[in-house]
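The values are calculated or read from the model by the stated rules, or taken from the named source; none is laboratory data. Owing to the predicted nature of the structure, the values given are computational and were not obtained by experimental measurement. Note: ideal-geometry Cβ built from the backbone for every residue, glycine included; neighbour counts use all protein chains shown.
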Amino acid sequence: MKKILIINGSLGGSKGNTKIMIDECQPILRVNKCTIEVLHLKDFFSSGTDNKLEAIRKAMDQADGYIFTTGTYWDSWGSPLQRFLEMITEFEATDVLLYKPCAVLITMHSVGGKEVLSRLQGVLNTMGLLIPPMSGLVYALSTHLAIEAQSEFAADFWSKEDLQIVLHNLMTSVHKQNNFMAWPVDKKDPLRLWNK
């Protein structure tokens, strides 16, 4: 049975918007018959764990794949995730990271989430992780509102339903297969006016 380590780098820790997205991932992952461990970095760093780096190494050694999650804070990821990335620099290009697939899930209140997604995927890939196709997603407040309002443009935003695709592609890579899925993008006229 494969193991997925979910790393929550948000400031909300085990109580924020990112945690809600993590909760929505878990049933999808269980259908894929994998075990799940969630590491809420904010809570972990404030805990009394003595050797934090060794605890992180142990959790990462046991993982077959990763999901990195964070909110968006001033066009960047959360400070708990930044601290984590700095700590795991010594794992770069080692068996802890090398060739292990990862997905990235970002929540965003206002703006900057796509930039955070792209930058974080770049950092993770540089450290040695494998980035499967269509394995990143930004879920924004604006998307949430557009979906609730049943806007005709809602289909062109990432939605919570797209978690199925992200996690499918992650698990496809974890199982070393190549039957990836693609987004159900809005195939209407991309030049149509929306800023009326």
Give the residues of the range 169-179 that are crowded, with 18+ Cβ neighbours inside 10 Å and either under 12 Å from residue 28 (Cα atoms) or out of contact with any Asp or Glu (no Cβ under 7 Å at 6 or more places or on another chain) (or both), sorted by residue number. 169, 170, 171, 172, 173
Of all helices (runs of 4 or more DSSP H) fully inside the range 104-180, the set with 3 or more residues that are in contact (Cβ under 8 Å) with a residue 40 or more places away in the chain is 113-127, 163-174
Report, by residue number, each residue of the range 52-71 that is in contact with a Leu (Cβ under 6 Å, 6 or more places away or on another chain) and polar (S, T, N, Q). 69, 70
Residues of the range 86-142 being of a type in the set (D, E, K, R) and in contact with a helix residue (DSSP H, G or I) (Cβ under 9 Å, 6 or more places away or on another chain), which ones? 90, 92, 95, 100
Which of the residues belonging to the range 54-82 are out of contact with any Phe, Trp or Tyr (no Cβ under 9 Å at 6 or more places or on another chain), under 14 Å from residue 12 (Cα atoms) and of a type outside the set (Gly, Ala, Ser)? 69, 72, 73
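With the range 1-101 as the region, which helices (runs of 4 or more DSSP H) entirely inside it contain at least 1 residues that are at pLDDT 95 or above, buried (at least 19 other Cβ atoms within 10 Å of the Cβ) and in contact with a Pro (Cβ under 9 Å, 6 or more places away or on another chain)?
Of the helices (runs of 4 or more DSSP H) lying wholly inside the range 1-101, those with at least 1 residues that are at pLDDT 95 or above, buried (at least 19 other Cβ atoms within 10 Å of the Cβ) and in contact with a Pro (Cβ under 9 Å, 6 or more places away or on another chain) span 41-46.
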